[in-house]
Structure formats: structure tokens, C-alpha cells
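The values are calculated or read from the model by the stated rules, or taken from the named source; none is laboratory data. This one's a predicted model, so the numbers in the text were calculated from it and none came from an experiment. All accessible areas refer to the heavy atoms of the entire protein, side chains included, with ligands and DNA or RNA removed. Shrake-Rupley method; radii C 1.70, N 1.55, O 1.52, S 1.80 Å.
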Amino acid sequence: MTVFILRRFVTLIATLAGASLIIFLVLDALPGNAAEMLMGADSSPEALHAMTIKLGLDQPLIVRYLRWIGGLLIGDMGTSYSYGTPVAELIAERLVLTIPLAVMAMLLTVVLALSAGVYTAANHNKMGDVGVMALTQFGIAIPNFWFAILLILLFSVKLQWLSAGGFAGWDEGIVSGVRSLLLPAISLAAVQAAILARVTRSAVLEVLRDDFVRTARAKGLTRRQVLWGHVLRNAMIPVMTVMGMQFANLLAGTIVIENVFYLPGLGRLIFQSIANRDLIVVRNCVMLLAAMVVIVNFVVDVLYAAIDPRIKASEL
Amino acid sequence: MNGVQPTAAMPFDAPPPEAAVPSKPGRSGRGVLQRALRHRSFMIGGVLTLLVISAALLSTIWTPWPAYEIDLAHKLNPPSAMHWLGTDVLGRDIVSLLLVGARTSILVGVIAVGIGLLAGASLGLIAAARKGWIEELIMRLGDFTFAFPALLSAIMLAAVAGAGMVTSIAAIGIFQIPIFLRITRGSANAIWAREFVLAARVAGKGKFRITIEHVLPNILSILIVQATIQFALAILAEAALSYLGLGTQPPQPSWGRMLNDAQSLLFQSPLLAVYPGLAIATAVLGLNLLGDGLRDLFDPRLSRER
């Protein structure tokens, strides 16, 4: 177990290092001169030169890379060209929206998916099962940003219950904040829930065939007790693996959904920075998202090994 | 990190690639055809996919109106005999835009999946044939690319190279490589362990010949199924990228772009936001069902619990 975690940890560090190198090379080395990108091709050579020195672009690649990584390790991401504020502050401000959004979406996903998955498995091949499964096929086929637009059409344009976008901030109160994030969270959750419901159903059906289920019923437990107490717990291993991966997907999905609802989160920040040619912000945001994806997967792998004693370090 | 991998919208209930050992081909052609015609998701998926491909092909020779023609006098017209689904904010015919949009989606999808399939499958076959440090190196490189969902790589590419169709093709294509790499390596390894491969080795065939003559034909069905499903994901990704303005650029019509344009007109012309989404959902649903159907038909043992 310890050996397994250690090995996975070494892989984690190597992956993070590799990812940072790719991000640095693509965003910093390829375009040639970031100063020119920032100031436009028609700026004077003197101004360009001054900017190049200001950005530290006259230094060799390796020095710039190490300086970036060294900064990251102590939480210093540099200063944004367009906002003039430290990038770390900028990102922290935006995460206040993005993290709650992703967590809300994940909670919705889990509640929807587990109930749909257990319900369909318990009613295998009956009308309800077929109906819900058909629904999940549609859920998987629908782009989340289109679903978001449809929700806006229904709840904001037709019924006028919720606003079509924007976020006033948490200072306005938790209720108002959650209301602004409700439609975005639902649109993120719908697709993920469709996928997770199918996984849950397969896993529960698999476990239902096990001998211990029959034993539990034979010793007098009710169907409901067996289903939620015994079966679901045993089916959770594959379900949890997928849940971990989905959290990473949700984070990436927020980039699109924040743009649909004009929410000032990390996704909007990335887009505004691309428009402003603020590559230093783009670089750190992409690194942050990539790191979250990799770290969440690491945690899932470790949890997976901790929960399932059948997984031995030798098998992985 | 074996088994199912995190991807933008991968159907996670698919069997893990490593578990996918194909059966030996050799069923009678007629039996397969009969089973295909009786298979519900294969038939529905096939019809929907054919519909989208026909729309794309049709758009190369005919559209009701020129898709690029701006006609401000007739902007935001409701559906009529002249414009079946109405016109957009620039007076362009919606049906024509949808048809050309199908072409854009399919073009991006085919090239991106082609890149992923060619590069991923080749690397996967090499990894399975060579083993050792070469396999390790190839698989670790695949791990890196998994840290970048298609959206993130497109954002990076767009930030340095500018947005456009090529950017989205490259981003989606690169993102597909590790998926094909894993599935190819996993199923090729299973073939390498079979007796007939051992027999071929004893008979003195080299690794390259065995890969081409025995391994590849036996994993082809798995690759075809996966390519169908990845095609659906590519269409979703293309739509998302062009919706965000990172992919296909105007005036080239694309479904994602149409949704973006429609969003600012939700109060005036809500239907404009419905059609392109329906088109995307039709294409993706069709390809997903087709992929499921093909999986069942190629190997009933792999069919999912449904």
C-alpha cells in the first residue's frame, strides 16, 4: 500500500513537471516574442526592447522556466500585464466563484446519478429502467452549453424565475449567490449525471448477482435494506473512480458554462486574458486547471486502493 | 492508472480497454446483416448518422439559399415557405447554415479523429510489440497529454496561434491520441498473449509482420467502435470551441457559432438557439448509438448491461 502510494506520488510529481514544461514551452517559447504580442507589431523598437527587459524575456529559456516554477512553489505567479495586480490574487478572487460552482454541480450530479442508477438497476428491464436509460442517452448527447441556453430560455425568458446570468458576489448573501449559480450548476450536472447514472446502474447490477445479496435477503433483510445498505456500498468502488474523474471534467466544463452565464470565474478570466494577450495569466490558469485534473486523479487512485483491498501494489 | 480514463465527455460505462479482447472474426456475412437489421440502437444510430452525413454532402452541391449571403432586409424572419426555419440576424437562411454547419462538424471530426487514430494506434501497436522501456516511455507521454482536456489544449493553442478551424482540429486531434494509444495497447497486448501469435513467432515471423498480419486485423473492430464514439466527442468539442469563439471563425457557418450568435437574441428569437443544438444532439446521439450497436455486433460478449 505505502509502496503503491509512493509510486503514484512520484508519477504525480513527474506528470506535474511534464505538464508545466509543456505549458511553458507552448505559451512562452513558441510565440517568439511575448512583448510584441502584448504591444502590437507596430510599436517602436525601443518600447519593445524596454518591455522585453521588463518581462524578463531577455533571459534564457531555462532561467525563465525555473523562475516560474520557483515562484509557483512559494505562491508567486507573477504580475498580470493587463490588470497590473498579482496573478495569484486575481485567480484567488475568481476561485471564490468557480470552486463553489463545481462543488454544487458535483453534489447535484451525485444525488441525481445515484438515485437514477439504483432505481433503474432495481427495476432492471422494466418501463422505468428503459425510460431513464433512454433519457441518459440524450443527456450524454446534449452539449452542456446548449442545455444551459435551454435552461435560460425556460427559467429566465419564459418563466422569469431566475436571472439569465451574472453574479453579484457572496456579499449579497448566500441565498442570492446560490440562486445565481443554480442554473449553471444544473447545466454542468445534467450531462455528468447521465454518465454517472449509467455507471452506477451497471455497478449495482453487477453486485446484485453476488451470493451475499441472496444471503442477506435470506436472513430476512428487506429489499430496500439490502439495496441501499449492502449493494450500493459494494458498488461504490467503480462509481467513486468515475466521480473523481468527473470532478476534473466539471472544472474544465466551468470554463464553458461561466461564459454562457457571464460569471466572473476562472473560465471567464482565461478568456479575458486571451483577449488581452495576457499570457502570464493564461499560463498560470492553465497550469492550475491541469494540476487540479492530475491531483484529483491521484487522490482517486489512492482512495481506490485504500477502499479495495484486492488492489495490490504489484498489480498497478 | 489503467482502465477507464478521464476525458471531456467520455462514456464512462464503456468496458475498460484492457478488458477488451475481441473474438475471432468469421461469422457468416448474412447472419451479421440480419442481426444488424434487428439491432435497435445500431439501426437508430445508423439512420441518424446517415442523416447528418447526407446533410453535409448535400451542402456541397445544394443549399436552399447561399449560406454566406447576407440579406439584412429579411433578418430574423420567422419560418416561412421561403425560409423553412427562418433567417438569422444577418438574414441568412437557417436551413442552409445548418447544412453547411454539418459539413464543418464532420470535417473537423474526421480529421481530428484521423489524427488521433493514426498516431494513437501506431504508438499503441509499437508499445505492445516492443515492450520494455519503449512501452513505458510511450505510456508516460500519454499520461502527460491526459492532463490537458481538449478545451485546455485549444485554449493554449488559441492563445499563441490564434483561434480557428485548424486550432480546433489540432487541439481535438492531440487530445484523442492518448485515448487511442491506451485502447490499442491494451487490446494488442491481449492478442500478443494468444496462441496463434505464439505459433506465428515460432514459425519465425518478425514483430512487424505479426503486428500487421495478426494483431491489427484482430483489434480493428475495437478501433472502429472507439473511433465512432470519439467522433461524437469530437463533434461536441468542435461545437464547444466554436461556441467559445476559439474554433471555426465566421463567416464559415458552424453549429457552435450559431448558438453563440443566437444567445444574444434569446428574447427576440428563441428558436434560433434551438435548431443548432438539436443538430449537434442528433449527430452525437446517432454516433453514440451507432458505436454501441457496432460494439454489440462485432462482439456480443462486450455488450453492455442495458
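If you average 1/r over all unlike Cα pairs in chain A and invert the result, what Kirkwood radius do you get in angstrom? One decimal place: 22.5 Å for the Kirkwood radius. Sorting B:D299, A:D301 by solvent-accessible area of protein heavy atoms yields A:D301, B:D299, largest first, with a 1.4 Å probe.
Each residue of the range B:199-208 is assigned a 3J(HN,Hα), and the resulting list reads 4, 5, 5, 4, 6, x, 6, x, 4, 5 Hz, derived from the Karplus form 6.51 cos²θ - 1.76 cosθ + 1.60 (θ = phi - 60°), x at Gly and Pro. When the P(r) is computed for the protein assembly as shown, the part past 46 Å accounts for 18% of the Cα-Cα pairs. Cut-off 10 angstrom, C-alpha nodes, Gaussian network model of chain A. Which of A:A189, A:A102, A:A92 fluctuates the most? Per the Cα network of chain A with a 10 Å cutoff, A:A92 tops the list.
Of the residues A:R283, A:R268, A:R214, the one that moves most in a GNM of chain A with alpha-carbon contacts below 10 Å is A:R214. Summed over all non-identical Cα pairs, the Kirkwood treatment of the range A:83-226 gives a radius of 17.8 Å.
Shown for the protein assembly as shown: the carbon plus sulfur share of the solvent-accessible area, taken with all protein chains present and a 1.4 angstrom probe, equals 67%. 3J(HN,Hα) along the range B:262-268: 6, 5, 7, 10, 4, 6, 7 Hz, from the Karplus curve 6.51 cos²θ - 1.76 cosθ + 1.60 with θ = phi - 60°, whole Hz, x for Gly and Pro. Put simply, chains A and B cover up around 4600 Å² of each other's accessible surface, both sides summed, when a 1.4 Å probe is used.
Relative to its Kirkwood radius, the Cα radius of gyration of chain B gives an Rg/Rh of 1.04.
Taking the alpha-carbon centroid of each part, what is the distance from the range B:204-278 to the range B:38-57 in angstrom? Each part reduced to its Cα centre gives a spacing of 16 Å. Distant-in-sequence amide contacts of A:T79, defined by a placed amide H-H separation under 5 Å and a gap of 5 or more residues or a different chain, comprise A:V87. For the options B:L241, B:L151, B:L220, a Gaussian network treatment of chain B with springs between C-alpha atoms closer than 10 Å singles out B:L220 as fluctuating the most. As a ratio to 2.2 N^0.38 Å, the alpha-carbon radius of gyration computed for the range B:80-216 takes the value 1.50. Per residue, the accessible area of chain A comes to 47 Å², computed with a 1.4 Å probe over protein heavy atoms only.
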